1. Nearest 10 degrees, 0 to 90: what angle lies between the long axis of helix 400-411 and the longest principal axis of the chain (Cα atoms)?
2. Relative contact order, percent, of the stretch 139-283 when contacts are C-alpha pairs under 8 Å separated by at least 6 residues?
3. Hey, what angle do you get for helix 187-196 against the long axis of the chain, alpha-carbon based, 0 to 90 degrees rounded to 10?
4. With an 8 Å cut-off on Cα pairs and a minimum separation of 6 or more residues, tell me the relative contact order of the stretch 269-324 in percent.
5. Pull up all non-local amide H partners of VAL58: gap of 5 or more, or a different chain, and H-to-H distance under 5 Å with H placed in the peptide plane.
6. Between their Cα atoms, which of LYS28/LYS179; LYS13/LYS471; LYS76/LYS130; LYS130/LYS152 are more than 23 Å away from each other?
7. Please state the relative contact order of the chain as a whole percent: Cα pairs under 8 Å, 6+ residues apart?
8. How would you order 29-36, 276-283 from highest to lowest mean count of nearby Cβ atoms within 10 Å?
Amino acid sequence: MTAPLPIKTVATKPFADQRPGTSGLRKKTKVFQQPHYLANFVQSIFASLEGFEGKALVLGGDGRFFNREAIQIILKMAAAAGFGEIIVGRGGILSTPAASAVIRHEQAFGGIVLSASHNPGGPDADFGIKYNISNGGPAPEKITEAIFAHSKVIESYRTLEGPDVNIDEIGHSWLVGTKVRVIDPVAIYRDLMASLFDFDAIKKLFASGFSMKFDAMSAVTGPYAKAILEGDLGAAPGTVLNGEPLPDFGHHHPDPNLVHAKHLYDLAMSDAAPDMCAASDGDGDRNLVIGRGQFVTPSDSLAIIAANAHLAPGYRQGIAGVARSMPTSRAADRVAAKLGVGMYETPTGWKFFGNLLDAGKVTVCGEESAGAGSNHVREKDGLWAILMWLNILAARQQSVKEIVRAHWAEFGRHYYSRHDYEEVATEGANALVAGLRAKLTSLPGQSFGALKVEAADDFAYHDPIDGSMSKQQGVRVLFADGSRIVYRLSGTGTSGATLRVYIERFEPDPARHDLETQAALADLIALAEQLAGIKQHTGRDKPSVIT
Ligand code: VG1
Ligand code: CO
């Protein structure tokens, strides 16, 4: 008698909406819970890859609702597809930067990361999945488009019959011929951080009384932050707030911005302020840094990190170059120019940095959306940015405020803000962008008060490494005085459309570095409305989120 083959082929029908966005496929959790929905997408990933048989796949997520069920579905499908090994974070947990670190460390073929990042989690909230390639970074558009193409014609997928795999204990087991290895989700990442930063100097800083609050927002970074900050670096117990990952993030929105982490901002501005407040998002790739009495915009943070990275042991040789997403302020450009290193402007989304990092063109990268990172992994990395700040503070023996002020005095200040109009009607948002595109050729040369338009375009990126072209990445209106307004639609939302308006003005004069940001940008904010007709197209007379 022969044993029945445990691999089974399941007939399915395509779903029409599986095109990955800025960072993977994100939908309402209930959409992912539909029969076959996740499996179709996973099979479409495998169908877009070549040569993975016998190789390793890394698997983990941010622990949100449906994470564990999704891990079991993917384990069985990856075994049926013929991976040699699946490396899973214990409990199905891996922060996005840790997943990237594990893929690189283990020389895996790739990885699947389950997260909707800063979007809320729970049965009525959001879920997400993305594929990362062997460099540890998000799959480039060539692959995400192939996944989408396959998802539109899929007829069946392959999986295994059998009980669930125990993912809660470190060790290994077998799914037919595939080894399932459960690893500590923190260890590889923690060692990597210790190799980059001067842990002794940061330890001394904490020992000397430096105080910090890090809010893990009940999301994935809790275990990482506790191990590194309170464990390795000796920060006082209680430094890490909300350090237990919860499937619904305690009903909060795990987005470390001035709306959802306002309590941290208020603390940092109060008499009881610690020396530094920090936070990360759902999957651990974003960062928020606020000094006592000093908020640091993500764009400024990138510039300050670029200017000071050499103070950390992992970057002692200096940086090769800097990359930023197009809407990110140009503060980092001034640092790159002064250092005499390359500066690259890419579309929004970390996947565009991978080629530049792999080619050694850049060492640090960042986005205005609270993302910073370096060539140590191929994702943005929240704790990395926070450790970099701690290293800089320890080396310079100055406060966050002193460092930011000195930076502005040296390079000038880029007043910067992003206005988000969330969950507006898709038709209106598309009409707004179409209207702007129609104006692009007539805008240059026009003056609006003191603001003269120098150029206007729809940003297109020509990747200097692989030659690929990405068009329609955001409408830019550039003014003669160096100010900018940028408009684009979000690629991570799960209902309706989200319009993002990015506003920037450069101020060289240190006597004018103390203005309130919205006031400093008031004329540009008014013009952003006038040029785009935001109210007319979205029905909103003010943004839902200002960062
Ligand atoms: C947003 C940000 C973008 C970031 C992306 C993923 O995308 O603007 O800078 O890379 O989220 O971040 P969009 O298309 O909504 O503007 V995360 O922390 O969700 O992985
Ligand atoms: Co994130």
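1. 60
2. After rounding, I find 21 percent.
3. 30
4. Values: 45 pairs, mean separation 12.2, N = 56.
With pairs under 8 Å counted, the relative contact order is 22 percent.
5. ILE87, GLY110, GLY111, ILE112
6. On the way: LYS28/LYS179 32 Å; LYS13/LYS471 31 Å; LYS76/LYS130 17 Å; LYS130/LYS152 17 Å.
Violating the 23 Å limit, Cα to Cα: LYS28/LYS179; LYS13/LYS471.
7. Answer for the chain is 13 percent.
8. Per-residue mean Cβ counts within 10 Å order the peptides as 276-283, 29-36.
A short reminder: the numbers here are calculations on the coordinates, not readings from a lab. Since we're looking at a predicted model, the values are computed, not measured. Positions of Cβ are generated from backbone atoms using ideal geometry, with glycine treated the same way; all protein chains shown enter the neighbour counts.
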